[in-house]
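Here's the structure we're looking at; comments come further down.
The values are calculated or read from the model by the stated rules, or taken from the named source; none is laboratory data. All values derive from a computational prediction rather than experimental measurement. Glycine also receives a Cβ, built like all others from the backbone with ideal geometry; neighbour counts cover every protein chain displayed. For accessibility, only protein heavy atoms count, side chains too; no ligands or nucleic acids. Shrake-Rupley method; radii C 1.70, N 1.55, O 1.52, S 1.80 Å.
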Amino acid sequence: FRRGQRQQNTFIPTAISLISRHTSLSDPQHNIESGFIMSNAAHTPVIVGIGEVSDRPNRLEDAREPVALMADALRCAETDAGATLLNDAQSIELIGLVSWRYANPVGLLCDKLGISPARQINASMGGETPVRLIHEAALRVLSGETCTSLIVGGEAMNAVSKAMKSKTPLPWTPMVSREDAVRFGNDRIERSAIAKKLGINDPAAMYPLYEVALQAERGISPSAGLKESAELWARYAAVAANNPHAWIKTKPSAEDIATISDRNRMVNWPYPKLMMANPTVNQSAAVIVTSLQKARELGVAEHKIVYIWGGGNAAESDDFMQRSSYSHSTAQEAVLDKAVELVGGNAKAFTKLELYSCFPVVPKMALTHLGLDSSKIAPTVAGGLTFFGGPLNNYMSHASCAMVSALRAAPGELGLLYGQGGFVNKHHSLVLSTRPPKAPLAENYSVQNQADNKRAAPPDLAPDNYQGPATIETYTVLHDRHGQAERGVLIIRSSDMRRGMAMVSAADTVAMHRLLDPQHSAVGQHGLITLDAEGLPVWQFTAQPSV
């Protein structure tokens, strides 16, 4: 006992001096448990620099291209850290971009900055990607593989869209052909042949399937679901209104968000435009991860250091027809559970949240699983993909910057970053704080086994040419750019409970009325599927139960 006490006393004075600004000196247990941080500073990952850029030039010709925005964001991150970090970085990862085609964007970015990290990666697509890359950078610090990593992304879709409409040439790096452009990982969402034929072509048509299923499971009407979504989105809008980097700062009310109008047309039932991610932005963000030892050697101010506690990663099947449920995700639940575990088992320990917000159903499910009430805690520190802006795969880089700023302003508090990618299939959580963690960062972030063990087997699939009785499992109604209903798209269960798809023609006014009824969900209603002249499955309601 005395020998152990003497060994302990050799590091306590140093540990106390280093962490006193983050913790209470009256908590000796915390000081002792944080000793591993101080004695392993070279392998303790921290965020030290953040940078953001929102580009709104007066003249379209002055708009900066994505790689230029990224370079500026990294320079801002280095300035934020107050230390020279870019030149000495060993790794740089560029998040998959969409708005401009480059042959090797990360190489071009390094040239613009005059840096040459040994590890230069054009990383993958997916909304969870920035969170995952920060976590992986932390793991490289833990293992000693690298010390300083740069994570950066950016888009200029607003400038590109305006240039296309006005036919204005942009003085940017010449766009390469599709064949010569870099191929980012996860750049496709897997869809079945029948899904493609029925028009489920992008996330805006996919997420409503989850929203409708969740409303039905909760037993609430579409109008009640719309109100709930609007109130949640108003919380995001309120935060965006005070974020200097946000694209939309008008702070629409819940009533504004829920009211269908020419300016807020229905896109895909039950979501209007103000519940959709807004990709038409020019935004970039960067995060610098290094070791605690390196940060201190370079003189990074103590109040700027944010510790990476850990988190989890898990995924669902890429093909949404292979999901076990449309009202929840065991992958989402597993990564959130891991984050909660790291802070002692109570989600209320998080005072700062960023819950991914491409569409309302994602944070709705997350809040429900965490047992949190969004009326009592803001679900975002950045403002959400509608109001802050949704620079495609890079929103969570901005959210990470906002989280770091929020935690610096609230020393010792705990922040949760939750990112989601694809179509409710890729999930990653990360816990941050200015307070050192009580345990070392885990070497593995996968919680896939936990997600798989909780997940029921998906149903068998009906053939694409299935005809016969069926019930509705979930559905959406696709609308055109004028807000007019084009067709209903249903996920159905056949009489033997196999899963399939069918459509409802806009000409079938009886069926469309039922699908668009604001007071009653059509989930669980019965119908009959036949094939039209093109061989597509067409749904019509029937009076008698089919199963």
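Across the range 156-167, coupling constants 3J(HN,Hα) worked out from phi with the 6.51/-1.76/1.60 Karplus curve, θ = phi - 60°, read 9, 5, 5, 5, 5, 5, 5, 5, 5, 5, 8, 6 Hz, and Gly and Pro carry x.
Note the full-extension length gain between LYS251 and GLN90 as 0.36 nm times their separation in residues minus their Cα-Cα distance, in nm to one decimal.
Values: separation 161, 0.36 × 161 = 57.96 nm, distance 4.12 nm.
Taking LYS251 through GLN90 to full extension adds about 53.8 nm, to one decimal.
Inter-label distance, SER495 to LYS454: 3.7 nm, where each label sits 7 Å from its Cα along the C-beta direction.
Kirkwood hydrodynamic radius (Cα pairs, Å) of the range 325-410? List each step's numbers first, then the result.
On the way: mean 1/r = 0.0736 Å⁻¹.
Kirkwood radius, the range 325-410: 13.6 Å.
The slack between ALA42 and HIS520, meaning 0.36 nm per residue of separation minus the straight C-alpha distance, is 166.2 nm. Other residues whose C-beta falls under 11 angstrom from the C-beta of SER291 contribute a net charge of +2, scoring Lys and Arg +1 and Asp and Glu -1. Cross-link partners for LYS249 among the aspartates and glutamates, with Cα-Cα distance under 17 Å and sequence neighbours closer than 8 places in the same chain left out: GLU52, ASP55, GLU231. In the complete set of protein chains, residue-level accessible area for VAL267 is approximately 20 Å², probe 1.4 angstrom.
To the nearest ten degrees, helix 395-408 and the longest principal axis of the Cα atoms of the chain are 40 degrees apart.
Quickly estimate the mean residue ellipticity at 222 nm for the chain, helices only: each DSSP H run with n ≥ 4 gives -39500 (n - 2.57), and the total goes over all residues, rounded to 500.
Details: 18 runs with 185 residues, N = 547.
Mean residue ellipticity, 222 nm, calculated: -10000 deg cm²/dmol.
Counting only residues at least eight positions apart within a chain, or on another chain, the aspartates and glutamates with an alpha carbon under 19 Å from that of LYS454 are GLU217, GLU316, ASP318, ASP319, GLU333, ASP337, GLU341. Given a 1.4 Å probe and the protein chains as shown, MET164 ends up with an accessible area of around 140 Å².
Carbon and sulfur together cover what percent of the accessible area of the chain at a 1.4 Å probe radius?
Values: 10780 of 22020 Å².
The nonpolar share, carbon plus sulfur, comes to 49 percent.
For the range 454-547, with every protein chain kept in place, what is the accessible area per residue (1.4 Å probe, Å²)?
Details: 4700 Å² over 94 residues.
Ligands and nucleic acids excluded, the result is 50 Å² per residue.
Within the full protein context, the accessible area of ILE194 is estimated at about 10 Å² for a probe radius of 1.4 Å. Counting only DSSP beta bridges whose two residues both lie in the range 351-480, roughly 65 percent are antiparallel.
Summarising the amide proton neighbourhood of GLY390: residues at separation of 5 or more, or on other chains, whose placed amide H is nearer than 5 Å comprise ASN278, THR280.
Given the convex hull of the Cα atoms of the range 59-210, what is a quarter of its surface area in nm²?
On the way: hull surface 48.6 nm².
Averaging across all directions leaves 12.1 nm² for the Cα convex hull.
Charge tally around SER433: other residues with Cβ under 12 Å, Lys/Arg +1 each, Asp/Glu -1 each, net +3. For LYS376, a cut-off of 19 angstrom between C-alpha atoms picks up these lysines, skipping any fewer than 8 places away in its own chain: LYS227, LYS251, LYS348, LYS352, LYS364. Between LEU531 and VAL538, the built amide H atoms are under 5 Å apart, and every one of these is 5 or more places off in sequence or on another chain.
Under 5 Å between amide hydrogens, built in the peptide plane, is the criterion, and for VAL306 it picks out ILE47 among residues at least 5 positions away or on other chains. Modelled this way, with points 7 Å down the Cα-to-C-beta line, the labels at ALA439 and ILE260 are 5.0 nm from one another. Phi angles across the range 427-436 convert, under the Karplus curve 6.51 cos²θ - 1.76 cosθ + 1.60 with θ = phi - 60°, into 3J(HN,Hα) values of 9, 8, 10, 8, 9, 10, 6, 6, 8, x Hz, Gly and Pro given as x.
May I ask what percent, to the nearest 5, of DSSP beta bridges between residues of the chain are antiparallel?
Beta bridges within the chain, antiparallel portion: roughly 80 percent.
Under the simplified labelling scheme, the LEU60-SER166 pair shows an inter-label distance of 0.5 nm, with each label point 7 Å from Cα along Cα→Cβ.
Couplings for the range 505-521, taken from phi via the Karplus curve 6.51 cos²θ - 1.76 cosθ + 1.60 with θ = phi - 60°, read 6, 4, 6, 7, 5, 5, 5, 5, 4, 5, 5, 9, 5, x, 9, 9, 6 Hz in order; Gly and Pro are left as x. In loop segments of the range 419-516 as defined by DSSP, the GluC sites (Glu not before Pro) with at most 12 further C-beta atoms inside 10 Å of their C-beta are GLU443. Quick check: the angle from helix 222-240's long axis to the longest principal axis of the chain, C-alpha only, nearest 10 degrees? Roughly 30 degrees, rounded to the nearest 10.
Per residue, how much accessible area does the range 197-312 have with a 1.4 Å probe, in Å²? Walk me through the numbers on the way to the answer.
Details: 4250 Å² over 116 residues.
Per residue, the range 197-312 has an accessible area of 37 Å².
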